[in-house]
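Asks: Have a look at the structure that comes next, please.
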Amino acid sequence: MEKNQVRTRFAPSPTGYLHIGGLRTALYSYLYAKKTGGKFILRIEDTDQNRLVADSIDNILKTMKEAGLFYDEGPDVGGDYGPYIQSQRKNEYLKYAKILIEKGGAYYCFCSKERLENLPDANGARRYDKHCLSLSKEEVQKRIESGEPYVIRQNMPTEGISSYTDAVFGEISVKNEELEDNILIKSDGMPTYNFANVIDDHLMGINVVMRGTEYLTSTPKYNLLYDAFEWERPLYIHMPPIMRDKEHKLSKRDGAASYEDLIEKGYIKEAIINYIALLGWSPKNDKEKMSFEEMQQLFSIEGINRSPAIFDEIKLKWLNGLYIKEMDADKFLQLATPYLDKSKAAGKYDYTKLAKLIQGRVEALTEIADKVNFLEEFDNYDINLFENAKQKSSIDSAKKYLPKIISALTDLKQWDNTALYTVLTSLAANEGVKNSSILWTTRVAISGKESTPGGATELADLLGKEKALKRLNFSLNLLGKE
Ligand code: GLU
């Protein structure tokens, strides 16, 4: 390990999909490591065996890579400080717990469930009373040898104050008398988060810990562990909570969005990452749309806010729309194809032309199907759509010009956007009317819709001569019935 090199980590528990909060921790830790020329480490915290969800680890690894958050060390990429999955490090924790006991920072506890349940209730909390702290070494030895189940608890000081300085929230202090003697090693031999996070952060050389504010006030307990081992404390950077609205935290329970959910909703990964970066951080110049590279340059701890961030899907959508509009046509075509495959266009129309028509008109990929619904056959529509004063079109003008439009187009040999435009605008010139008058009539007659992505000639080009003429004739008929 290079001296003074920043080492950050993302330490998810594999309890399901990667949610927004987790993704933000991962992103900020990644950005900070990259910005400082440091390393970013992924560690899986699976010591709470009851909360494990099958396939979560694979899902986390996959999502991290998909989102572009490549870790320098981790379960599947290895590194000098592995294993990177806590359940595979069980012996390590017990070893350090025993060292801590020798140092007086922890002790064995054999108290039964019944005894714990009957501890005095102080304002709704039953605090452990250090009952087993007074057991002699010999007695402890005897009880362990006889196979009695035990846990190992942290021996908290009972007076004084513990403080540290968080890089975002400043000085945090707690009275030691408020700290309970937490369990460090459970009766199944597994460590709790309270212990494992410290041991692993130290053994993995993590010197910058970034995580949510839910850990802000328990960090003094972790610092007492660092101090007892005489290890250097890391720098702490706690991030503000992410809220659903002003009052409610975005929680897994109310369906907090995961990376997969957002992808499913038609957001693209660059926009998701960009938006998540803004949840609790802003660059000095207040720029909102930033490439991943720019974020790495602009990221700074000073830009992290203390106030809660509100997850605003409307803003995400807006940003997503910008990304879509500004991406190159080939990339959009590639992203749009699976959506076109499930739309009215499926296999029947030229995707390149369609993609070009809709690229600037969708904010989420899921809107694509709806945008191309003008391709769907229609058997009726409101002919008042021809009435449009601004476009110099009316039902009467449509009745007059539609037969001429049909005849001009029937004669057209080369069926493409340019040729169609030339024919229709020459017709307008011959008739002495504005182009819009002919083009609006054609567009409505060909689509039966008030608005379509693309104008008359683009739609006609896309549909092809046969279909376009069939629709125009149908509309002529419809107008005739009036
Ligand atoms: N495993 C913890 C969680 O998922 C990690 C907290 C931390 O970053 O220390 O909340």
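Asks: Which value, in debye to the nearest 20, gives the size of the charge dipole of the chain about its Cα centre, when Lys and Arg are +1 and Asp and Glu are -1 at the Cβ? It would help to have the intermediate numbers written out before the result.
Replies: On the way: 66 positive and 71 negative charges, 255 e Å.
With Lys and Arg at +1 and Asp and Glu at -1, about 1220 debye.
Asks: Working from Cα positions, state the angle (0 to 90°, nearest 10) between the long axis of helix 56-66 and the longest principal axis of the chain.
Replies: 50
Asks: Along the positive direction of the dipole of the chain (beta-carbon charges: Lys, Arg +1; Asp, Glu -1; about the Cα centre), which of L224, L298, L42 reaches farthest?
Replies: Of the candidates, L298 comes out farthest on the positive side.
Asks: Also, quick follow-up: Taking only Cα atoms, what is the 0 to 90° angle, nearest 10, from helix 395-411's long axis to the longest principal axis of the chain?
Replies: Once rounded, one gets 90 degrees.
Asks: Which aspartates and glutamates, on any chain, are close to K399 with Cα under 19 Å apart, when same-chain ones fewer than 8 places away are left out?
Replies: The reachable aspartates and glutamates, counting only those whose Cα sits under 19 Å from K399, are D379, D382, E387, E431, E450, E482.
Asks: Taking the Cα atoms of the chain, report the difference between the largest and smallest coordinate on each principal axis, in whole Å and largest first.
Replies: For the chain, the Cα spread along each principal axis is 108, 47, 38 Å.
Asks: Could I ask something else about it? Any cysteines in the chain with zero other Cys Cβ atoms under 4.7 Å from their Cβ? List them, or say none.
Replies: C111 - these cysteines have no disulfide-compatible partner (Cβ-Cβ under 4.7 Å) in the chain.
Asks: Could you state the principal axis extents of the C-alpha atoms in the range 172-306, from the largest down, to the nearest angstrom?
Replies: Reported extents, whole Å, longest axis first: 46, 33, 29.
Asks: Which of Q86, I446, Y28 sits closest to the plus end of the dipole of the chain, meaning its Cα is farthest towards the positive end, when Lys and Arg get +1 and Asp and Glu get -1 on the C-beta?
Replies: The one lying farthest along the dipole's positive direction is I446.
Asks: Here is the link list: K265/K465; K342/K390; K404/K434; K62/K265. Which ones come out longer than 25 Å on Cα distance?
Replies: Values: K265/K465 35 Å; K342/K390 36 Å; K404/K434 15 Å; K62/K265 19 Å.
K265/K465; K342/K390, as the Cα separations exceed 25 Å there.
Asks: How far is helix 219-229 tilted off the main Cα axis of the chain, in degrees rounded to 10, range 0 to 90?
Replies: With both axes taken from Cα atoms, the answer is about 50 degrees.
Asks: Using alpha-carbon pairs under 8 Å, 6+ residues apart, how would you state the relative contact order of the range 51-189 in percent? Don't skip to the end; give the middle numbers.
Replies: Working: 128 pairs, mean separation 28.1, N = 139.
Reported relative contact order: 20 percent.
Asks: Continuing with the same structure: Work out the charge dipole of the chain with +1 on the Cβ of Lys and Arg and -1 on the Cβ of Asp and Glu about the Cα centre, then indicate which of S251, I358, I324 is farthest towards its positive end.
Replies: My answer, from the dipole projection, is I358.
Asks: Which loop GluC sites (Glu not before Pro) in the range 188-291, with loop taken from DSSP, have no more than 11 other Cβ atoms within 10 angstrom of their Cβ?
Replies: On the way: sites: E214, E230, E232, E247, E260, E264, E270, E288; in loops: E230, E232, E247, E288.
In loop regions of the range 188-291 (DSSP not H, G, I, E or B), the sparsely surrounded GluC sites (Glu not before Pro) are E230, E232, E247.
Asks: Just the number, please: carbon plus sulfur as a percent of the accessible area of the range 86-197, 1.4 Å probe, no ligands or DNA/RNA counted.
Replies: Carbon plus sulfur share of accessible area: 47 percent.
The values are calculated or read from the model by the stated rules, or taken from the named source; none is laboratory data. Since we're looking at a predicted model, the values are computed, not measured. Don't worry about glycine lacking a Cβ; one is built from the backbone with ideal geometry, like all the others, and counts go over all protein chains shown. Protein only, heavy atoms only, side chains kept; ligands, DNA and RNA dropped before computing areas. Shrake-Rupley method; radii C 1.70, N 1.55, O 1.52, S 1.80 Å.
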